[in-house]
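Beneath this line is the structure, given in structure tokens, with notes to follow.
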Amino acid sequence: MSPRDRLRLGIDLDGVVADFNAGWIERYNAHFGASLLPEHVDIWDAPTMLTHFTNMREFWSWARTAGGGASIFRILQPYQGAVEALERLDRRHHIVIVTTKPRFAVHDTFEWLAEHRIPTREVHIVDDKTTVDCDVYLDDADHNIEALVAARPDALVCRYVRPWARSHAGAVDVAGWSDFEAQLDHYHLAVTAE
């Protein structure tokens, strides 16, 4: 496959590759004696609804060091099959990590990527994901999906189906990595046939 045939895949981290909710919930339960479960999360700002934190600022203040001195982002586990799927995709396409993080988590994010050997040579930590030019995007956040569909009409925008995000006109729902790979293969055939 020539470099021109390789698609740029804009892949989100938290909620797509890294299990953010299981990570913060495990630490919250340990720190505060709670018994929350990841399946309790069905809205975007769940920490303010499920915990004693009254706003997200309080949650982020705690999360800054909740990873044993590092931020919560340093201790997250990848979703089952995510790294293997990225390795498969990397053989045919260019993996571009496009994620949003608090400033305090930037170094932890790079350490996490290295520890889990995420196959990428390009990482963007940005608030506005539309500023990163990709052929395909995979995200789980409503605000990102809406913005990408509006700003990148020629791209394939995929929503990783999660309870906290809804379907969007112009975006394709994917229920897992194999589903994403199938959508990607279909899209790739269509664009290379043009």
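Per-structure values
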quantity: So A82, is it in the same structural domain as D108 (by TED's automatic domain parsing) and crowded, with 18+ Cβ neighbours inside 10 Å; calculated: yes
quantity: Members of the range 178-189 that are more than 13 Å from R88 (Cβ to Cβ) and either among the acidic types (D, E) or surrounded by 14 or more Cβ atoms within 10 Å (Cβ to Cβ) (or both); calculated: D179, Q183, Y187, H188
quantity: Residue, surrounded by the fewest Cβ atoms within 10 Å (Cβ to Cβ), within the range 32-54, restricted to residues that are in contact with a helix residue (DSSP H, G or I) (Cβ under 8 Å, 6 or more places away or on another chain) and not in a loop (DSSP other than H, G, I, E, B); calculated: H40
quantity: Top-ranked residue in the range 170-181 [being among the hydrophobic types (A, V, I, L, M, F, W, C) and either part of a loop (DSSP other than H, G, I, E, B) or not assigned by TED's automatic domain parsing to the domain that holds D12 (or both); ranked as nearest to L37 (Cα to Cα)]; calculated: A175
quantity: Output for the range 55-66, where each listed residue is in a loop (DSSP other than H, G, I, E, B) and charged (D, E, K, R); calculated: R64
quantity: The lone exception for V98 - which of (1) exposed (fewer than 15 other Cβ atoms within 10 Å of the Cβ); (2) closer than 21 Å to Q183 by Cα it fails; calculated: (1)
quantity: Selection status of A175, under 23 Å from L76 (Cα atoms), exposed (fewer than 12 other Cβ atoms within 10 Å of the Cβ) and touching a Phe, Trp or Tyr at 6+ places or on another chain (Cβ under 9 Å); calculated: yes
quantity: Per-region count, the range 17-31, residues crowded, with 22+ Cβ neighbours inside 10 Å and assigned to a loop (DSSP other than H, G, I, E, B); calculated: 1
quantity: Residue in the range 42-56 that is farther than 22 Å from S167 by Cβ, in contact (Cβ under 8 Å) with a residue 12 or more places away in the chain and in contact with a Ser or Thr (Cβ under 9 Å, 6 or more places away or on another chain) present; calculated: no
quantity: For T192: the one exception among (1) farther than 26 Å from A66 by Cα; (2) hydroxyl-bearing (S, T, Y); (3) surrounded by 13 or more Cβ atoms within 10 Å (Cβ to Cβ); (4) in contact (Cβ under 8 Å) with a residue 60 or more places away in the chain; calculated: (3)
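Residues checked against (1) over 19 Å from F73 (Cα atoms); (2) in the same structural domain as R91 (by TED's automatic domain parsing); (3) part of a helix (DSSP H, G or I); (4) under 16 Å from the mean Cα position of the chain (by Cα):
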position	(1), (2), (3), (4)
W112	no, yes, yes, yes
P119	no, yes, no, yes
T130	yes, yes, yes, yes
C134	yes, yes, no, yes
A147	yes, yes, yes, yes
A150	yes, yes, yes, no
C158	yes, yes, no, yes
A165	yes, yes, no, yes
H168	yes, yes, no, no
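The values are calculated or read from the model by the stated rules, or taken from the named source; none is laboratory data. Note that this is a predicted model, so its numbers are computed, not measured. No Cβ is skipped: glycine too gets one built from the backbone with ideal geometry, and neighbour counts run over all protein chains shown.
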